[in-house]
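Colleague: I have a structure I would like to understand better, so I am pasting it below and will then ask my questions one at a time.
The values are calculated or read from the model by the stated rules, or taken from the named source; none is laboratory data. Every value quoted in this text rests on a predicted model; they were computed, and no experiment measured them. As a convention, Cβ positions derive from the backbone with ideal geometry for all residues, glycine included, and neighbour counts pool all protein chains shown.
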Amino acid sequence: MRLKVWKLMDRKPEHWLQKLKEKENGLLALTVTLLLMLLVGWRFDYYYDLNDDVLMKDILAGVYTGTPESRNIQMLWMVSAALSLLYRIVRTLPWYGLFLCLCHYGCFFLILRRSLRFCTGLLQKLAAALIEGLLFGGLFLEHLVYAQYTLTCTLLGATAAFLFYTTDLESEYKEFIKKNIPSVLLVFLAYLIRTEMLLLVLPMICVAGAAKWGSEKKIFTREHALKYLWVIGLILAGILIGEASNRIACSSREWRVFTEFFNNRTELYDFQAPPDFETHEGFYESIGLTKSEKVLLDNYNFGMDEEIDETVIGRIAEYAAMNQTAETPFWQNLKDSLKAYGYRFTHGPGTGADYPWNYAVILAYVLAFCAGIFPKGQTTGGQKEQTGDQKEQEGEKKALLKNTLGITWKLAFLFAVRTCLWMFILMRGRDPVRITHSLYLMELCILGAMFLVECGRISTPFMQRSCRLAALAGFGVLSLMMLPEQIRNVRQEQIRREEVNEPYQALYGYLTADERKENFYLIDVYSSVSYSEKMFAEVDNTLDNYDIMGGWACKSPLQRKKLALYGITDMEQALKDDDHVYFVRKTSEDMQWLFDYYEGHGTPVEAQREAVVGENFEIYSISGK
């Protein structure tokens with residue numbers, strides 16, 4: 001032991017400097033990542049962005065059913081089971097929030113570390129690290145603070161595409177495959193987290209793969225086929241493993257029935273809308289749905305009615321789709337969507353949520369194109385010397401044409417695919433920020449990778465430096481323009497959420513008080529949608545004695561398990577007949593629908609107000625007349 005210590009002490013300073021130099025990129029990237037994480041954590045509170053993430057956390061942590069569950073409905077089983085296992089080991093820690101933050105900052109670290117490899121000199125690396133930190137903060141700050149698993153999925157996939165595209169072309173095929181194992185694992189994790197989102201952006205990942213393969217000097221060789229097909233095969237294998245394990249985990253009849261219900265409900269509410277009852281009364285009569293029952297579809301409280309099952313929801317979704325097609329012809333929809341697409345891609349500050357993402361993408365296209373047309377060392381290095389000005393000019397023209405065509409088809413291919421994806425979401429009428437920003441994020445990472453690779457191949461050092469400086473200047477100016485506004489917007493959103501959450505915190509504190517633990521409270525869906533939850537403040541993962549009367553977990557095996565804990569098998573019957581079951585509504589929300597529903601079922605009820613919580617919520621006991 002002493003000998004080893006003396007040997008370490010004997011080493012020259014140059015040895016340590018060499019070691020630090022080898023780890024320079026990683027240490028610099030880690031430092032900037034930790035600094036960004038500390039600054040964001042010091043300035044803001046982390047939130048789950050939507051009720052979706054809060055409910056997923058509750059399911060995983062055991063808040064929903066009393067036991068950490070390995071199936072949280074939205075994610076696939078493998079990642080859901082892993083997170084629930086962490087909660088089983090240490091129930092009091094906010095594992096889901098930690099997981100989302102680890103994915104976000106981990107991806108930034110991986111992208112930054114790889115991009116620093118393309119810089120020469122410490123000063124250039126420091127400048128690049130600073131600009132990338134500002135850019136990531138300026139674009140992604142709201143999604144760092146208000147975490148949403150859809151964006152997490154896309155960031156993982158975008159990081160995978162970035163790492164894959166920036167892998168050395170010269171690597172032998174086994175080494176190439178080995179270097180891209182992290183990319184394969186990132187795509188696999190992204191698929192487990194949010195399958196639909198990964199599949200939506202997968203075409204852009206395929207563009208990155210095709211463009212990478214197309215950058216080889218000789219495209220159709222056995223070695224290149226092995227390199228790229230092995231990576232593609234590993235990604236597909238991961239997707240198949242994730243999908244197969246989830247289907248096995250959800251293979252019971254109750255889960256299969258719920259999965260059908262969930263898919264039909266998603267189609268109805270995310271892409272269609274329940275048709276108006278008066279206009280389509282004949283259809284509703286044909287499926288046995290009365291007006292008072294149809295209201296449950298409008299206000300999302302369909303958990304009240306056991307007859308609203310997967311078949312009913314499926315027929316309504318199918319009928320709504322037929323009517324939507326008839327009301328808005330395809331070509332009219334296409335025309336309107338193209339107009340919206342063009343506007344959203346080019347509009348500036350103050351006109352929507354696409355800025356500054358769209359400007360960053362436009363700038364990235366310009367920079368990637370400029371870097372692509374400059375003379376390349378790989379193109380000119382192996383050519384024989386030519387004499388005479390004319391031959392030299394002809395060679396330069398041919399090289400310029402070749403480079404221009406080479407970068408143009410890649411950018412055109414990417415732009416064509418992104419256009420198709422945007423038209424898909426616009427024509428379906430499903431374009432929330434978490435989806436549009438995801439598309440921008442994936443596109444920007446691929447363009448950034450293209451720029452770095454093309455810039456790294458420029459044969460003239462001066463042009464190479466100029467290209468990098470142009471990118472640093474362009475993104476630096478854009479970052480400085482948008483970061484103050486982003487910080488201001490996120491801060492204002494924090495204030496708004498604090499104000500909105502205050503009455504909800506009072507309500508949930510009242511419902512879960514020790515003297516009311518044996519009661520169960522059914523909350524009107526529209527009375528619950530505004531609440532969001534902090535990730536790391538006042539973490540309490542004990543069982544909650546309330547649930548909403550609809551939502552995406554409604555009628556799931558998990559909800560039935562939760563209700564069974566309180567002796568409830570039927571919401572409609574329990575609310576009317578059980579003394580310990582109460583109805584909760586926001587004072588601003590109507591409750592006439594509840595009386596109409598029971599009246600329509602021949603069991604009229606009356607409501608007795610039991611409590612008022614603050615100025616916002618009322619709690620009722622419901623009983624038959």
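Colleague: Can you give me the number of residues within the range 100-120 that are over 20 Å from the mean Cα position of the chain (by Cα) and more than 20 Å from residue 470 (Cα to Cα)?
Modeller: Total meeting the criteria: 1.
Colleague: Would you mind stating whether residue 191 is farther than 14 Å from residue 100 by Cβ, touching a Lys or Arg at 6+ places or on another chain (Cβ under 9 Å) and touching a residue at least 24 places away in the same chain (Cβ under 8 Å)?
Modeller: In short, no.
Colleague: Follow-up. Of the residues in the range 354-408, how many are at pLDDT 65 or above and touching a helix residue (DSSP H, G or I) at 6+ places or on another chain (Cβ under 7 Å)?
Modeller: 27
Colleague: Out of the residues in the range 434-490 that are among the hydroxyl-bearing types (Ser, Thr, Tyr) and in a helix (DSSP H, G or I), state the one that is modelled with the lowest pLDDT.
Modeller: Applying the first criterion (among the hydroxyl-bearing types (Ser, Thr, Tyr)) to the range 434-490 yields 436, 438, 440, 459-460, 466, 479.
Among the residues that remain, those that are also in a helix (DSSP H, G or I) are: 436, 438, 440, 466, 479.
Details: 436: 94, 438: 96, 440: 96, 466: 88, 479: 92.
Here the answer is 466.
Colleague: Which residue pairs have Cβ atoms closer than 6 Å, lie 6 or more positions apart in sequence or on different chains, and pair a first residue in the range 560-574 that is closer than 22 Å to residue 597 by Cα with a second residue that is part of a helix (DSSP H, G or I)?
Modeller: 568/574; 571/303; 571/304; 572/304
Colleague: Quick check on the range 121-131. Is at least one of its residues assigned to a loop (DSSP other than H, G, I, E, B) and either closer than 29 Å to residue 542 by Cα or over 24 Å from the mean Cα position of the chain (by Cα) (or both)?
Modeller: Within the range 121-131, one or more residues are assigned to a loop (DSSP other than H, G, I, E, B) and either closer than 29 Å to residue 542 by Cα or over 24 Å from the mean Cα position of the chain (by Cα) (or both).
Colleague: Related question: Considering each of 239, 232 in turn, give the residue that is assigned to a helix (DSSP H, G or I) and in contact with a Cys (Cβ under 9 Å, 6 or more places away or on another chain).
Modeller: It is 232.
Colleague: Oh, and also: Sort out which residues of the range 508-539 are in contact (Cβ under 8 Å) with a residue 12 or more places away in the chain, under 22 Å from residue 44 (Cα atoms) and loosely packed, with under 13 Cβ neighbours inside 10 Å, and write them in order of number.
Modeller: Within the range 508-539, 537 is the sole residue that qualifies.
Colleague: Going through the range 164-181 one residue at a time, which ones are part of a helix (DSSP H, G or I) and either without any contact (Cβ under 8 Å) to a residue 60 or more places away in the chain or surrounded by fewer than 22 Cβ atoms within 10 Å (Cβ to Cβ) (or both)?
Modeller: Matches in the range 164-181: 173, 174, 175, 176, 177, 178, 179, 181.
Colleague: Considering 605, 584, 613, which residue is of a type in the set (Val, Ile, Thr), touching a strand residue (DSSP E or B) at 6+ places or on another chain (Cβ under 8 Å), closer than 29 Å to residue 264 by Cα and surrounded by 14 or more Cβ atoms within 10 Å (Cβ to Cβ)?
Modeller: 584
Colleague: Another question, if that's okay. Looking at the range 253-263, can you tell me whether even one residue there is touching a Phe, Trp or Tyr at 6+ places or on another chain (Cβ under 7 Å), of a type in the set (Ser, Thr, Tyr), in a helix (DSSP H, G or I) and modelled with pLDDT of 90 or more?
Modeller: no
Colleague: Six or more apart or on different chains, Cβ under 9 Å: which pairs go from a residue in the range 263-284 that's without any contact (Cβ under 8 Å) to a residue 12 or more places away in the chain and farther than 13 Å from residue 324 by Cβ to one that's basic (Lys, Arg) and surrounded by 15 or more Cβ atoms within 10 Å (Cβ to Cβ)? Could you list them?
Modeller: From the range 263-284, the pairs are 284/294.
Colleague: Among the residues of the range 416-433, write down those that are surrounded by fewer than 16 Cβ atoms within 10 Å (Cβ to Cβ) and at pLDDT 95 or above.
Modeller: Correct list: 416, 419, 420.
Colleague: Report every pair of residues separated by at least 6 positions or lying on different chains whose Cβ atoms are under 7 Å apart, first residue within the range 585-608 and over 22 Å from residue 529 (Cβ atoms), second in a loop (DSSP other than H, G, I, E, B).
Modeller: If the second residue must be in a loop (DSSP other than H, G, I, E, B), the pairs left are 598/604; 600/290; 604/625; 605/625; 606/625.
Colleague: Among the candidates 579, 590, which residue alone is among the acidic types (Asp, Glu), at pLDDT below 95 and within 35 Å of the chain's Cα centre (by Cα)?
Modeller: 590
Colleague: May I pose another question? Condition first: surrounded by 15 or more Cβ atoms within 10 Å (Cβ to Cβ), in a helix (DSSP H, G or I), hydroxyl-bearing (Ser, Thr, Tyr) and without any contact (Cβ under 8 Å) to a residue 12 or more places away in the chain. Can you find one or more residues in the range 310-319 that meet it?
Modeller: If we filter the range 310-319 for residues that are surrounded by 15 or more Cβ atoms within 10 Å (Cβ to Cβ), which is where we start, we get 310, 312-317, 319.
After this cut, where a residue has to be in a helix (DSSP H, G or I) as well, the list is 310, 312-317, 319.
Then drop every residue that is not hydroxyl-bearing (Ser, Thr, Tyr), which leaves 319.
After this cut, where a residue has to be without any contact (Cβ under 8 Å) to a residue 12 or more places away in the chain as well, the list is none.
Checked against the condition, which is being surrounded by 15 or more Cβ atoms within 10 Å (Cβ to Cβ), in a helix (DSSP H, G or I), hydroxyl-bearing (Ser, Thr, Tyr) and without any contact (Cβ under 8 Å) to a residue 12 or more places away in the chain, the range 310-319 yields no hits at all.
Colleague: Which residue, of 157, 137, is within 18 Å of the chain's Cα centre (by Cα), over 30 Å from residue 462 (Cβ atoms), crowded, with 23+ Cβ neighbours inside 10 Å and not hydrophobic (A, V, I, L, M, F, W, C)? Reasoning before the result, please.
Modeller: On the way: 137 fails: crowded, with 23+ Cβ neighbours inside 10 Å.
That would be 157, the only listed residue that is within 18 Å of the chain's Cα centre (by Cα), over 30 Å from residue 462 (Cβ atoms), crowded, with 23+ Cβ neighbours inside 10 Å and not hydrophobic (A, V, I, L, M, F, W, C).
Colleague: Separate question: Have a look at 298, 336 and point out the one that is in contact with a helix residue (DSSP H, G or I) (Cβ under 9 Å, 6 or more places away or on another chain) and over 23 Å from residue 425 (Cβ atoms).
Modeller: Numbers: 336 fails: over 23 Å from residue 425 (Cβ atoms).
None of the others qualify; the one that does is 298.
Colleague: Follow-up. Could you tell me which residue of the range 193-229 is modelled with the highest pLDDT, considering only residues that are in a helix (DSSP H, G or I) and acidic (Asp, Glu)?
Modeller: Selected residue: 196.
Colleague: Of the residues that sit in the range 275-294 and are in contact with a Lys or Arg (Cβ under 7 Å, 6 or more places away or on another chain) and part of a loop (DSSP other than H, G, I, E, B), which one is surrounded by the fewest Cβ atoms within 10 Å (Cβ to Cβ)?
Modeller: Taking the range 275-294 as the starting set, the residues that turn out to be in contact with a Lys or Arg (Cβ under 7 Å, 6 or more places away or on another chain) are 277, 284, 287.
Cutting the leftovers down to part of a loop (DSSP other than H, G, I, E, B) gives us 277, 287.
Details: 277: 19, 287: 14.
Filtering first and then ranking leaves 287.
Colleague: What number of residues within the range 203-240 are of a type in the set (A, V, I, L, M) and without any contact (Cβ under 8 Å) to a residue 40 or more places away in the chain?
Modeller: Residues meeting the conditions: 7.
Colleague: Restricting to the range 289-321, name every residue that is at pLDDT 90 or above and over 20 Å from residue 553 (Cβ atoms).
Modeller: Result: 289, 290, 291, 292, 293, 294, 295, 315, 318, 319.
Colleague: Return yes when residue 86 is touching a helix residue (DSSP H, G or I) at 6+ places or on another chain (Cβ under 6 Å), without any contact (Cβ under 8 Å) to a residue 24 or more places away in the chain and assigned to a helix (DSSP H, G or I) and no when it is not.
Modeller: When the stated conditions are applied, residue 86 passes them.
Colleague: For the range 497-507, indicate whether the set of residues that are modelled with pLDDT of 90 or more, part of a loop (DSSP other than H, G, I, E, B) and either under 28 Å from the mean Cα position of the chain (by Cα) or surrounded by 17 or more Cβ atoms within 10 Å (Cβ to Cβ) (or both) is non-empty.
Modeller: Within the range 497-507 (the criterion being modelled with pLDDT of 90 or more, part of a loop (DSSP other than H, G, I, E, B) and either under 28 Å from the mean Cα position of the chain (by Cα) or surrounded by 17 or more Cβ atoms within 10 Å (Cβ to Cβ) (or both)), the answer is no, since none of the residues qualifies.
Colleague: Restricting to the range 59-74, and then to whatever is of a type outside the set (Val, Ile, Thr) and buried (at least 22 other Cβ atoms within 10 Å of the Cβ), can you tell me which residue is farthest from residue 557 (Cα to Cα)?
Modeller: If we filter the range 59-74 for residues that are of a type outside the set (Val, Ile, Thr), which is where we start, we get 60-62, 64, 66, 68-72, 74.
Now restrict to residues that are buried (at least 22 other Cβ atoms within 10 Å of the Cβ): 60-61, 64, 68-69, 72.
On the way: 60: 14, 61: 16, 64: 12, 68: 14, 69: 11, 72: 11 Å.
Filtering first and then ranking leaves 61.
Colleague: Let me ask you something else. Look at the range 153-208 and say how many of its residues are closer than 16 Å to residue 230 by Cβ and aromatic (Phe, Trp, Tyr).
Modeller: 4
Colleague: So, one more: Could you please give the count of residues in the range 59-72 that are in contact with a Phe, Trp or Tyr (Cβ under 7 Å, 6 or more places away or on another chain) and part of a loop (DSSP other than H, G, I, E, B)?
Modeller: Residues meeting the conditions: 4.
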